[in-house]
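Take a look at the structure below.
Computed from the coordinates by the stated procedures, all read-outs in this text should not be read as laboratory data. As the structure is a prediction and not an experimental result, all values here were calculated from the model. As a convention, Cβ positions derive from the backbone with ideal geometry for all residues, glycine included, and neighbour counts pool all protein chains shown.
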Amino acid sequence: MKLIDKETILEITKEWEGERFPDGRPRVPDGIIERMKKITIEQAWGVLQGNGYRFQFAGDWMNLHPDRILVGRAVTCMFVPMRPDLNDAVAERGKTEGRIGGQNSWVIDTLVENDAIVVDLFGKVKDGTFAGDNLGNAIYAKTKTGMVIDGGIRDLDGIYDLPDFATFVRGVDPTGIANVTLTGINIPIRIGEATVLPGDVVLGRRGGLIFIPPHLAEKVVERGEEVGLRDRFGHQRLREGKYTPGEIDRKWSEEIDADFVEWRKTQEL
């Protein structure tokens, strides 16, 4: 077995035609990552639904900082309940590949700036704490973004104090991680009802998380910016009393379209 299999990453992300990391993971441009921070979950969801991606949203999180926005390129990993023979094989593979520390640390060692670690720990909280304040600081130092853990964390106070770091978890427990085995890094994983692949753009806001296939990231940004601009116009005109809700909340008339075109010239995205 390989903990990271470049050939598999290339095969499952073949719709991405842009730059890649050395391990094959899609590298959505930094400019798209930055613009994604202004896109809402609903705007992204609309584009994904329209392109046949119906299982990309996951909600019901413990979100440590609801006012913060998480955007990053997914580094995925999956753990399963420990089975001795499998765990021995994984430990041997880790030794062969020169990996150091616990299996959760192996994943963290691969991270780079603007990554977002996404951990499938099958919802385990007790004995399922992927990170405490030490590993949380390591993730912060490497990515400057945040983390998504379908499992638990410990040392809540230390993680809570990390600046500009968004954390989505299922719960908190004082126990350490135990009795689980890493099955792979940058493999397809399930988070709630969502399927996540390496290189997906992770967008996390108050309402939850959406995982955007890299080949759709630019389309999501462009469509989201357009929808956001039209919403700003509609909201402003409603507050001004220029149009009724019935006029704005449907296909616009030629008069409103013309008004929007003139208004748009005065705006910045």
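Going by average Cβ density within 10 Å per residue, which order do the peptides 173-183, 119-129 take, highest to lowest?
Details: 173-183: 16.2, 119-129: 20.1.
The packing order, highest mean first, is 119-129, 173-183.
Of the peptides 12-24, 210-222, 159-171, 76-88, how do they stack up when ordered by the mean number of other Cβ atoms within 10 Å, highest first? Each step should come with its number before you reach the end.
Working: 12-24: 14.4, 210-222: 22.5, 159-171: 18.5, 76-88: 15.9.
So the order, starting with the most tightly packed, is 210-222, 159-171, 76-88, 12-24.
Going from the residue with the fewest nearby Cβ atoms within 10 Å to the one with the most, Ser105, Ser253 rank Ser253, Ser105. DSSP assigns beta bridges within the chain; of those with both partners inside it, close to 55 percent run antiparallel.
For Gly184, the residues whose amide H sits under 5 Å from its own are Met78, ignoring neighbours fewer than 5 places away on the same chain, with H placed 1.01 Å from N. Residue pairs exceeding 19 angstrom between C-alpha atoms, taken from Lys124/Lys144; Lys2/Lys144; Lys142/Lys219; Lys38/Lys219; Lys38/Lys144; Lys219/Lys251: Lys124/Lys144; Lys2/Lys144; Lys142/Lys219; Lys219/Lys251. For the Cα atoms of the chain, what angle does the longest principal axis make with the long axis of helix 254-264, in degrees from 0 to 90, nearest 10? The answer is roughly 60 degrees. Couplings 3J(HN,Hα) of region 223-231, computed from phi: 5, x, 5, 5, 5, x, 5, 5, 5 Hz, in residue order, whole Hz [Karplus 6.51 cos²θ - 1.76 cosθ + 1.60, θ = phi - 60°; x for Gly and Pro]. Within the set [x] 0.93; [y] 1.00; [z] 1.13, the number that Cα Rg over 2.2 N^0.38 Å takes when calculated for this structure is listed as [z]. Just how many % of Cα pairs in region 219-264 lie over 15 Å apart, if you round to the nearest whole percent? Above the 15 Å cut-off, region 219-264 has 42 percent of its Cα pairs.
To the nearest 10 degrees, how steep is helix 133-143 against the longest Cα principal axis of the chain, on a 0 to 90 scale? Tilt relative to the chain: about 50 degrees. Classified by the C-alpha gyration tensor, region 46-108 has a prolate form. Its axis ratio a/c, with a ≥ b ≥ c, is 1.5 or above, and a/b is larger than b/c. Taking the centroid of alpha carbons for each part, region 217-269 and region 122-153 are 40 Å apart.
Could you sort the peptides 92-99, 36-43 by per-residue average Cβ neighbour count (10 Å cutoff), highest mean leading? Present the calculation step by step, with values, prior to reporting the outcome.
Values: 92-99: 12.5, 36-43: 17.8.
Descending packing order for the listed peptides: 36-43, 92-99.
To the nearest ten degrees, helix 41-50 and the longest principal axis of the Cα atoms of the chain are 90 degrees apart.
Our analysis of region 1-84 gives Rg over Rh at 1.00, with the two radii drawn from alpha carbon positions and Rh computed by the Kirkwood formula.
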